[in-house]
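Engineer: Below you'll find the structure I mean.
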Amino acid sequence: MKHSGCTVNKGRHFSCEDCEGNVSGGFDASTSQIVLCQNNIRDQAHMSRVVTHELIHAFDHCRAHVHWFTDVRHLACSEIRAASLSGDCSLVNEIFRLHFGLKQHHQTCVRDRAVLSILAVRNISREEAQKAVDDVFESCFNDREPFGRIPHTKIYAQYAHRDFQNRHRYYSNI
């Protein structure tokens, strides 16, 4: 976040609250605040996924100046990135949801989770949400910033962090 020009203050940018329904967290663009739903977060792994998911929204808000409320395609892009990069679509999570497959399963999960997230915050039809996801899927799914790769496991997350730390080395001789 800092490298993208946005500072993060844990006391100001994170809030733990009781939430209605089964929502685990959210990003409030008007205050640039991440809300964690303390009554719906089950364990540390779940909280890590929620924080990562919402931090991706915060990163997109900072880097891409997302029009959250006026352009559903912007929202779709951030939801695609968050679903892909946060661990929402990990094999373990998909098995717990009783959804699993072999061919392009990660992409299918990301599409489905993005549509569900859009429907949770917008009063639009499933078809409109699906169209927004389809319109931006390819470019947004392939945008892995700030990780550089999809951190499927802890070791991939460590590789992603290493890649981030060494990001300037790759271009120093160009």
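Engineer: Among the residues of region 5-26, write down those that are assigned to a strand (DSSP E or B) and open to solvent by 40 Å² or more (accessible area, probe 1.4 Å). It would help to see each step written out before you state the result.
Structural biologist: We begin by selecting, within region 5-26, every residue assigned to a strand (DSSP E or B); these are 14-17, 25-26.
Answer for region 5-26, where residues must be assigned to a strand (DSSP E or B) and open to solvent by 40 Å² or more (accessible area, probe 1.4 Å): F14, C16, E17.
Engineer: Then there is this: For region 43-77, enumerate the residues that are within 21 Å of R126 (Cβ to Cβ), open to solvent by less than 20 Å² (accessible area, probe 1.4 Å) and either in contact (Cβ under 8 Å) with a residue 60 or more places away in the chain or of a type in the set (D, E) (or both).
Structural biologist: The answer is A76, and nothing else.
Engineer: Quick one: is V35 in contact (Cβ under 8 Å) with a residue 24 or more places away in the chain and either surrounded by 14 or more Cβ atoms within 10 Å (Cβ to Cβ) or within 24 Å of I80 (Cβ to Cβ) (or both)?
Structural biologist: The answer is no for V35.
The values are calculated or read from the model by the stated rules, or taken from the named source; none is laboratory data. Here the structure is a predicted model, which means the values were calculated and not measured. Positions of Cβ are generated from backbone atoms using ideal geometry, with glycine treated the same way; all protein chains shown enter the neighbour counts. With ligands, DNA and RNA removed, areas are computed over all heavy atoms of the protein, side chains included. Shrake-Rupley method; radii C 1.70, N 1.55, O 1.52, S 1.80 Å.
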